[in-house]
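**Q** I have a structure I would like to understand better, so I am pasting it below and will then ask my questions one at a time.
The values are calculated or read from the model by the stated rules, or taken from the named source; none is laboratory data. Just so we're clear, the structure is a prediction, and the values are computed from it rather than from any experiment. Methodologically, a virtual Cβ is constructed for each residue, glycine included, from the backbone with ideal geometry; neighbour enumeration extends over all protein chains shown.
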Amino acid sequence: MMDMAATARETHAGDYAAFLAATLPRQTRGVASHRLGEERVWLKKAGPRHSLLRYRLLALLARVFRLDVLTPVPNLGGEAAIATEARRLRALAEAGVRVPRVLAEQADGLLISDLGEGGRGALVFNERLDQAAASGPAALRVAWREGLDAIAAVHAQGCYLSQAFARNLMRCPDEVIGFIDFEDDPGEVLSLAECQARDWLSYLHSTALLIDAAAPQAARADWHAALAPADPEVRHRIAIAAQRMRWLRRLPRGRRWGRDTQRVRAVARLLAQWHLSPASSS
């Protein structure tokens with residue numbers, strides 16, 4: 001017997017394009033969820049093109065630290081972002097990565113599926129980590145490793161993400177980690193190894209502050225274990241980043257220095273010993 005979601009998909013399979021065309025002109029937000037029968041869907045609307053000015057600071061940091069993996073990937077917005085996201089979602093789905101399905105597409109809008117199922121929604125990974133942290137360091141470590149393992153699985157398929165921050169990871173009801181937000185394509189300006197190294201650094205940047213405060217030694221061990229099977233060139237890129245960011249672990253502690261300072265310090269602490277790891281010397 002088909003479940004409710006499967007029935008909804010069958011019932012509305014021919015209506016997605018019509019729904020997109022009818023709803024898009026009325027939607028004022030860039031991204032919004034809608035109900036289509038029993039199914040929850042997301043509509044992304046092309047917005048104004050983005051200015052390149054927002055990327056200059058990141059480009060400067062990439063040059064200062066001599067880190068190619070931090071090279072900004074321009075997301076010009078508008079119709080280009082819609083086309084990029086649709087293309088990337090289809091490619092990742094074909095590779096077996098859990099991402100939203102493309103239901104309908106037109107130049108200025110995209111209709112995609114929700115990663116929930118059976119009436120249960122997917123959990124943003126930030127919330128997953130916060131909930132685990134409330135249960136103690138051991139639970140947080142388990143949750144943090146889920147993210148590491150999910151990214152490693154994507155890379156094992158020869159793929160890469162776009163912005164692998166915890167906010168773009170989703171824990172689906174079946175406990176599989178899915179991914180969202182593909183409006184840019186790092187592969188247009190970076191090599192595969194650089195794209196995958198960028199994924200790792202993005203995940204660390206968004207989670208290091210939490211995990212470093214709770215279980216720093218265990219986190220380093222988990223991080224090294226997750227990266228051990230990675231391509232040697234990816235490990236080499238990470239080793240370079242670790243060496244060039246090493247001094248940042250000596251940034252001052254304390255809230256008065258700001259959360260961004262503490263986040264960068266936590267990433268540097270996680271990376272501090274990576275260049276000594278046997279895996280990075282392969």
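**Q** Can we say R120 is of a type outside the set (A, V, I, L, M, F, W, C) and crowded, with 18+ Cβ neighbours inside 10 Å? Break it down stepwise before answering.
**A** On the way: of a type outside the set (A, V, I, L, M, F, W, C): yes; crowded, with 18+ Cβ neighbours inside 10 Å: no.
No, not satisfied.
**Q** Name the residue that is farthest from S191 (Cα to Cα), counting only residues in segment 232-276 that are at pLDDT 60 or above and in a loop (DSSP other than H, G, I, E, B).
**A** Ranking the candidates gives R253 first.
**Q** If I ask for residues that are at pLDDT 90 or above and within 27 Å of the chain's Cα centre (by Cα), which ones from segment 6-35 would you list?
**A** Scanning segment 6-35 gives Y16, L20, L24, Q27, T28, R29, G30, V31, A32, S33, H34, R35.
**Q** With the condition kept exactly as written, say whether any residue in segment 51-60 is under 19 Å from the mean Cα position of the chain (by Cα), among the hydroxyl-bearing types (S, T, Y) and at pLDDT 90 or above.
**A** Here is the first cut: in segment 51-60, the residues under 19 Å from the mean Cα position of the chain (by Cα) are 55, 58.
After this cut, where a residue has to be among the hydroxyl-bearing types (S, T, Y) as well, the list is 55.
Those left that are additionally at pLDDT 90 or above: none.
Scanning segment 51-60, I find no residue that is under 19 Å from the mean Cα position of the chain (by Cα), among the hydroxyl-bearing types (S, T, Y) and at pLDDT 90 or above, so the answer is no.
**Q** When segment 88-111 is examined, which residues are found to be in contact (Cβ under 8 Å) with a residue 24 or more places away in the chain and of a type in the set (K, R)?
**A** R88, R98
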